[in-house]
1. Can you give the FRET efficiency to the nearest 0.05 for His320 and Ala90, using r as the Cβ-Cβ distance and R₀ = 35 Å?
2. Among the aspartates and glutamates, select those whose C-alpha is under 15 Å from the C-alpha of Lys231, and discard any that sit fewer than 8 residues away in the same chain.
3. Run through every distinct alpha carbon pair of region 210-256 and return the Kirkwood hydrodynamic radius in angstroms, one decimal place.
4. Once fully extended, how much extra length lies between Asp517 and Asp580, figured as 0.36 nm per residue of separation less the alpha-carbon to alpha-carbon distance?
5. Diagonalise the Cα gyration tensor of region 153-264 and give the resulting equivalent ellipsoid semi-axes, square root of 5 times each eigenvalue, largest first, whole Å.
6. Take the Cα gyration tensor of region 485-545, multiply each eigenvalue by 5, square-root it, and list the three semi-axes largest first, rounded to whole angstrom.
7. Just how far, in whole angstrom, is region 367-440 from region 528-604 if you go by their alpha carbon centroids?
8. Using only helices, what value at 222 nm comes out for the chain when you add -39,500 (n - 2.57) per DSSP H run of length 4 or more and divide by the total residues, to the nearest 500 deg cm²/dmol?
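Here, each number is a calculation from the coordinates, and none is a lab measurement. This is a predicted model, so every value here is computed, not measured. All Cβ positions, even for glycine, are placed from backbone atoms using ideal geometry, and neighbour counts span all protein chains on display.
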Amino acid sequence: MNQFWVDSGPPAVQGAVPRETLAHLAAVYCETTGYQRMKQTLRANGLIVLAGEPGSGRTATALALLSELTEDQVTRLDPATAVHTIGDDALHAAHGYLLELPPEDSAAPEPDAPDGPHGGHPARRRLTELHLDRFSGQLRARTSYGIVLVESGDLADRLLQGRYGVTCPPPSPAEVLHRHLRILLRGEPEGALDAACALAAHEDVVGALGLDELRPREAARLADHLARHQKGELTHAQLVEDCGAFVRAQARVWFARADRPGRLPEALPALNAAAFRIAVAVFNGSAYSLTAEAAELLTWELAVTLDPEHPVGRRLFGTHADNRPAVARSVVEDGELDLGAARVPARVIRFQGDALATAVLREVWNGHHNVRGPVSRWLRGLCDDPRPEVWVRASIAAGVLCSWDWVYGFGELVRPLAALDGRVPRMAAATALAEAARDPRVQPAVAAVLREWARSGDAALVDTAVLAHGYVLPAGSVRSSLDALGAVVRADDGADPDILGTASFSVMRLLASSAPDTVVDRLGRWLDDGRRSLADLVLLSAIGALTMRTTHLWGLTEVPALEPYGSRPLLLALLATRPDLAAPLAALVREALGTPRSGEPALDGLAALLRRAARDPETLRDVCGFLPRLAATSRDRDRLRGLLTGLVRDRDKPLDKAAAGRMWDAVAEGGRR
């Protein structure tokens, strides 16, 4: 029973529920919200349908209701029983009957059901209000009661709209835990119960569980572990290890025979549920609309793999969006998505537990080999989507899967993406490689691939390698990443302007890492090197720092200091967070302004930066502190004054005169230094 899980005793089977089982339930059952209303409806109709997820306490609630109304005369019906086939002679007076329907995706066809649309396989008979009305009449005629249990899904969604359907919310897990501990620790020394409850809230235990809130069955299981720990049967390390198995058990249950019954169209509900759970794992914390669409695409991949001969369509009005997240133990909330230039409101879906996403992907990838093919094709398709909200999530997931099985993941996910035309799939391949390199056991393999690609002469592979080095992880450090980028640019010697452009983007991404001082120092050394290709890389990077928003340069390692300045150009974000780098940054910008081949685009970038600063007092303060460093010579000052004069006189968008005056004074200050 969901709420009174124990290690000993036989499981409930078809037939009368033992009185000792019901007595134990009475001792531990926690009344759920709406219990009294359920009882009133049951008394009035003789029948209710309880909808909820397995482990949520719905079975315990059903048994508690039936036990209370029938003085412990409760019988469990075979789950294969079809409601419309229950005869009058099968029911007794003043009895309670519990029928737990199999999941919709596993319901076997009834013997007398007509053939399915493809022939050969009988179709399932849909449970309807008419069936329930008939059963209700049979029960009321004998002063008996019945409860039908259904899982969340299309059937539950439909029945909840009728007179018998009732949602069964889980009770408080803390109360369930406390009641079980009280019984399990009976006879133990004083203080054992309080110690066990305190341990349940310990950060090691909570972190190992990885769930926002336990379901009743899990709370009962945790109570057993805590009680064994208090009795000295488990060490703390063993307790933490056992707690880590909770999310793994949830994932295993979700995907056990998730293509049942192994043919279409009967398997579609199960495939759709499995696909939705995988999509939530990839898009956890992202927009529900993107997640739902991705799930439909994955359902198609799974279906055509299971049965290639039959075309697969989409349900247009299936499970309602309000109820569907429960299938994946997730919730949909109001949130925001960062689009770089702005943040927009969105309905965001997330798992009810940080550990569920990894557990789901690991169970699918490592536990079900035949699913790898459709999942790989699905991720490759998402990685070619031009929307960053899609391809970034998919590429990170691809990288995680590669780190778990490098040989398969690289061949099926990364290598095909890197060979495609277009920047998006190559960016996705680079991101996946960087994410895979997070695992120190895989990082050497990633580094070897990038070295090979950089020397391959294949434009697509070279481009992907250069993009990957914009992340710190593949090379192992910022310094090593810069070494790799410099080697590629020197080898090309400026022959391919696309390589220079990609390399400058990766340099800017490294500037936005946790070690910008290392990057600034290397840029200065490249300028002193004397080779034009390296100088051009520095100039392009300096121009990009004037114009590129910091949020567009995200990496896979956190840089908390830059987060408040994500909407600013990179140069302004660095001035705000690393004022010690103002002098070398000014030298780089001054070089870009003073070099004929880069002077015009650099001046345009500086003009855009000054316009932005004029609208924000905090940014204006940083810029006015930076301008004197750009005005080191009279020629520098003349250039800057000419720029300010032009901006103020611009007929379409004149620069604010007060802000321009402060900037003018800052330029003049440069001459007095």
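1. On the way: r = 34 Å, r/R0 = 0.98.
That pair, His320 with Ala90, gives E of 0.55.
2. Cα-Cα hits under 15 Å: Glu188, Glu190, Asp194.
3. So the Kirkwood estimate lands at 11.3 Å.
4. Difference between extended and current length: 21.8 nm.
5. Details: eigenvalues 220, 73, 25 Å².
That gives 33, 19, 11 Å for the three semi-axes.
6. Each semi-axis is the square root of five times an eigenvalue, giving 18, 13, 9 Å.
7. One Cα centre to the other: 30 Å.
8. Details: 31 runs with 380 residues, N = 673.
Helix contribution divided over all residues of the chain: -17500 deg cm²/dmol.
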